[in-house]
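So the structure is just underneath, and the comments pick up after that.
The values are calculated or read from the model by the stated rules, or taken from the named source; none is laboratory data. Note that the coordinates shown come from a computational prediction; the quantities given were computed from them, not determined experimentally. Here the Cβ positions follow ideal geometry from the backbone for every residue, glycine too, while neighbour counts run over all protein chains shown.
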């Protein structure tokens, strides 16, 4: 047997062990969790094999799209497209593109992905900081010499460039385009070798194990630090983006209950509410259900407060978030590029039948036709954004 085949068999055996691990404690054990966990493992295998085997050469970089409608991990933002390309500090790169309907992006230079040891953001740049907005063309240089506002350094330890595109107003329009090239690559790409295969399988196996175990424990620890049906204190994600602020609310709602969130409007360029699974930390389905809302999709009450309703059934009011019938899940509040004090969300658990009475008298009614139109608009936008 060749050493390459032996390494492949070891990789497959590791998948089997990981499948057994995620269907037992400390992972959730319900039938739904098991099905979702094995699906998550299958898709994570696709994700990390693609990255580690297909995107391992920093002299021939290509953007890999992750955390879209399919390949999700670590609580992805439904308002983003995420792209990653492998880079090396000794090389210089040029990124060229056009914003089209994208309103902003954050470009980050990373040591590694969040679930990996030694990860962290070591440089970042937002589109609006260099005067780039919807419809604009742009060019950004990575590494090399120069101090232009559109040049980002590649410090020692830089492994990847990651881009988060932001879509605030979900219109059925062309999304942003990004290309990357290595300016130091002046020869054909080297042939893929047995060493490259071994490296790719080893790195993918590490990503798989770290991603599934790290994020499950992350969720367990976060929930243990606060009370269900209440927001914990807002915080920065360690090793994450400087622009990013978050607050978590783990909820546990009976079938006839709803969670009402009252919140002042965050003083920030962007804010949103998102629902997530536990353990696998995938976003709840947001193309055919309303499980996320950002600052352009949320009604502000006449008294200046945001009121969001998390419920298993549509209560016929604005700002409903659909739980998919999950008794337990996570609600995340994001506010990025803050300019003032953090928001102070409060929560109330009420009976579903009492939701309207618990809201201000000026709260409008959202009928079934209006809700269908809202979902149709979401689907139309996402079809353009992800080319589905």
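Worth pointing out:
- The set of residues in the stretch 291-311 that are within 15 Å of residue 371 (Cα to Cα) and surrounded by fewer than 20 Cβ atoms within 10 Å (Cβ to Cβ) comprises 297, 298, 299.
A quick yes/no check of all residues on (1) loosely packed, with under 15 Cβ neighbours inside 10 Å; (2) part of a loop (DSSP other than H, G, I, E, B):
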site: 118; (1), (2): yes, yes
site: 124; (1), (2): no, no
site: 141; (1), (2): no, no
site: 148; (1), (2): yes, yes
site: 168; (1), (2): no, yes
site: 173; (1), (2): no, yes
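- If you go through the stretch 245-269 and pick out every residue that is surrounded by 21 or more Cβ atoms within 10 Å (Cβ to Cβ) and within 18 Å of the chain's Cα centre (by Cα), you end up with 5.
- Residue within the stretch 44-52 that is on the phi > 0 side of the Ramachandran plot and at pLDDT 95 or above present: no
- Residue selection: residue 36 fails the criterion of being over 27 Å from residue 87 (Cα atoms), outside the structural domain of residue 328 (by TED's automatic domain parsing) and at pLDDT below 95.
- Which listed residue, of 18, 49, 38, is touching a residue at least 60 places away in the same chain (Cβ under 8 Å) and more than 20 Å from residue 195 (Cα to Cα): 18
- Flag for residue 313 being farther than 16 Å from residue 364 by Cα, touching a helix residue (DSSP H, G or I) at 6+ places or on another chain (Cβ under 7 Å) and part of a loop (DSSP other than H, G, I, E, B): yes
- Test set (1) crowded, with 16+ Cβ neighbours inside 10 Å; (2) not in a loop (DSSP other than H, G, I, E, B) - residue 27 fails condition number: (2)
- In the set (1) in contact (Cβ under 8 Å) with a residue 24 or more places away in the chain; (2) assigned to a helix (DSSP H, G or I), the condition left unmet by residue 266 is number (2).
- Per this entry, residue 155 is counted among residues that are surrounded by fewer than 20 Cβ atoms within 10 Å (Cβ to Cβ), assigned to a loop (DSSP other than H, G, I, E, B) and touching a strand residue (DSSP E or B) at 6+ places or on another chain (Cβ under 7 Å).
- Here the condition is being crowded, with 20+ Cβ neighbours inside 10 Å and part of a strand (DSSP E or B); of 97, 37, 75, it holds for 97 alone.
- Residue count for the stretch 131-151, restricted to those that are at negative phi and modelled with pLDDT of 95 or more: 10
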